[in-house]
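Data block below; observations after.
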Amino acid sequence: MRRHSIIARLGPADTTTIALHEPDAEITTIRFVEGERRLEYGLGQLVEALAARGIQPTDAGIDFALLAATVTAADTRISRRTESQDSWTRELDLYVPVADPALWNAQAVLIARTLAFLTGDRWRLSFRPRHARYRKLLEAKAALLPAPFASVCLFSGGLDSFVGAIDLLEAKKKILFVSHYWDNSTSSQTQCATALGSVYGDLGPRHVRVRVGFENDLVKGSEPEKTTRGRSFLFLGLAAAAASGLKGEPTIYVPENGLISLNVPLDPLRLGAWSTRTTHPFYLARMQEILAGVGIPGTLDNPYRFRTKGEMMRGCSNAALLKKYAAITISCSSYTKGRFKGLKQGHCGYCVPCLIRRAAIVTAFAADTTRYSIPDLSAQTLDAGKAEAEDVRSFQLIGRRLAANDSLSRILVRKPGPLSDYAEKDIKEYAGVFKRGIAEVYDLIKAVKVRRL
């Protein structure tokens, strides 16, 4: 087990001595500026894409994006298997230069708490002043015209974000769509944007795609980490940077169905490593606090937090467009894993997101044209000892438990994290969407045969 210190630096002149919390920690330095002021590792791409659309982030917005990128480096390039005592919990110290260190250090404990909830690691954050040479990372420019956007929406290329985009465009909202892309699992973003553009006009001027990532050997002696529990901190960091450059109080839309947002453990063994919390209500509430604390205007909003995926689809403002293009969206938790079996990349059909997707599409449209590696789950008996059956069996278990005990949902929705930020009526809504979401999937898979082969 090694404690890790990730030191974010700006350009070559940034040689500020850092007082480390742990002098014996493994130190990794990331230089985010090459040359004069252009940010690297995808952040310069973000700044330039926003500038092309008349948006200049504030200092706080750029600092949020820089912090999010540093978090991503730690989360994706430090192995849980080799760098932690329990093969999961890493100890991570981040040192980040910002325009206003007093402002950010006042939020350091809250940010660490939020990241701990999100990733399951132990974080410490220290903020220092930007080096004098890089005090201003962006040159102030007078916009010829004000940016034509009032809000920001995350756009992943998944089914939920596609529904969210349709509903916002149908409502004629002035939306900037923000995407992060990396591998083939995000390849649907451009296809979805093109599909939307065929009805609502070219999405290009209203869509920013950014690729923030780091070389595999960034951290000496560590293999990359594949769990990416902190990915939504990056997504929201990019959206916050964009929102900081808009007028007024923009909304940052995070479209995701309530079942996957809560991500209640399906069985007693799914706490901890199995439970992602990328849009959990507690996490979004803490992120809202952080935005307010560092002075970034914007209200986080998941408009579908009380709807199942099937309900999202049935209520979509343009059902014909959704039905036509639903199959091009990507939901699978591991879209490329079929290559290990010699299969083409695509939806596996049996992971948790795939099962929720299949149930939702059948609920909304009766037929699902998505290509899955297992086209019909009921056409064979699934081996209980293999991955193909694991999540099916878990949904069958929780489906039967909820059917037998109507009040259980109000207990289980509190398992993944606190709901103390919300009124009792909201907790009742969360319990309801959880119960209906499970029923949606259970109807699809209750007759699937699972046993040890």
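In the stretch 216-237, which residues are within 23 Å of residue 118 (Cα to Cα) and open to solvent by 70 Å² or more (accessible area, probe 1.4 Å)? 216, 223, 226, 231, listed by residue number. Among the residues here, residue 169 does not qualify as out of contact with any Pro (no Cβ under 9 Å at 6 or more places or on another chain), farther than 28 Å from residue 22 by Cβ and not in a helix (DSSP H, G or I). Condition check for residue 186 on (1) of a type outside the set (A, V, I, L, M, F, W, C); (2) modelled with pLDDT under 95; (3) at positive phi: one failure, at (3).
The condition of being more than 30 Å from residue 283 (Cβ to Cβ), surrounded by 12 or more Cβ atoms within 10 Å (Cβ to Cβ) and out of contact with any strand residue (DSSP E or B) (no Cβ under 8 Å at 6 or more places or on another chain) holds for only one of 395, 434, 365, that being 365. Among all positions in the stretch 282-305, there is no residue which is of a type in the set (S, T, N, Q), crowded, with 24+ Cβ neighbours inside 10 Å, touching a helix residue (DSSP H, G or I) at 6+ places or on another chain (Cβ under 8 Å) and touching a residue at least 40 places away in the same chain (Cβ under 8 Å). Here 95, 134 are screened, and the one residue that is open to solvent by less than 10 Å² (accessible area, probe 1.4 Å), under 29 Å from residue 17 (Cβ atoms) and modelled with pLDDT under 95 is 134. Under the condition of being assigned to a loop (DSSP other than H, G, I, E, B) and in contact with a helix residue (DSSP H, G or I) (Cβ under 7 Å, 6 or more places away or on another chain), the residues counted in the stretch 190-212 number 3.
Please indicate, with yes or no, whether at least one residue in the stretch 2-10 is open to solvent by 30 Å² or more (accessible area, probe 1.4 Å), modelled with pLDDT under 95 and more than 19 Å from residue 110 (Cα to Cα).
The answer is yes; a qualifying residue exists.
Within the stretch 317-327, can one find any residue that is open to solvent by less than 10 Å² (accessible area, probe 1.4 Å) and not aliphatic (A, V, I, L, M)? No.
Tell me, please, whether a residue that is within 20 Å of residue 65 (Cβ to Cβ), more than 25 Å from the chain's Cα centre (by Cα) and loosely packed, with under 13 Cβ neighbours inside 10 Å can be found in the stretch 33-40. Yes, there is a match, as at least one residue in the stretch 33-40 is within 20 Å of residue 65 (Cβ to Cβ), more than 25 Å from the chain's Cα centre (by Cα) and loosely packed, with under 13 Cβ neighbours inside 10 Å. For the stretch 402-428, the tally of residues that are assigned to a helix (DSSP H, G or I) and open to solvent by 80 Å² or more (accessible area, probe 1.4 Å) stands at 7. Pairs linking a residue in the stretch 130-159 that is of a type in the set (A, V, I, L, M) to a residue that is at pLDDT below 90, with Cβ atoms under 7 Å and 6 or more positions apart or on different chains, are 137/37.
Please identify the pairs in which a residue from the stretch 168-193 that is under 23 Å from residue 68 (Cβ atoms) and aromatic (Phe, Trp, Tyr) has its Cβ atom under 7 Å from the Cβ atom of a residue that is in a loop (DSSP other than H, G, I, E, B) and at pLDDT 95 or above, counting only partners at least 6 apart or on another chain. That search, which allows pairs on different chains as well, returns 177/155; 177/203; 181/211; 182/211; 182/213.
The values are calculated or read from the model by the stated rules, or taken from the named source; none is laboratory data. No experiment lies behind these values; they were computed from the predicted model shown. When we count neighbours, we look across all protein chains shown, and the Cβ atoms used for this are built from the backbone with ideal geometry, even at glycine. Protein only, heavy atoms only, side chains kept; ligands, DNA and RNA dropped before computing areas. Shrake-Rupley method; radii C 1.70, N 1.55, O 1.52, S 1.80 Å.
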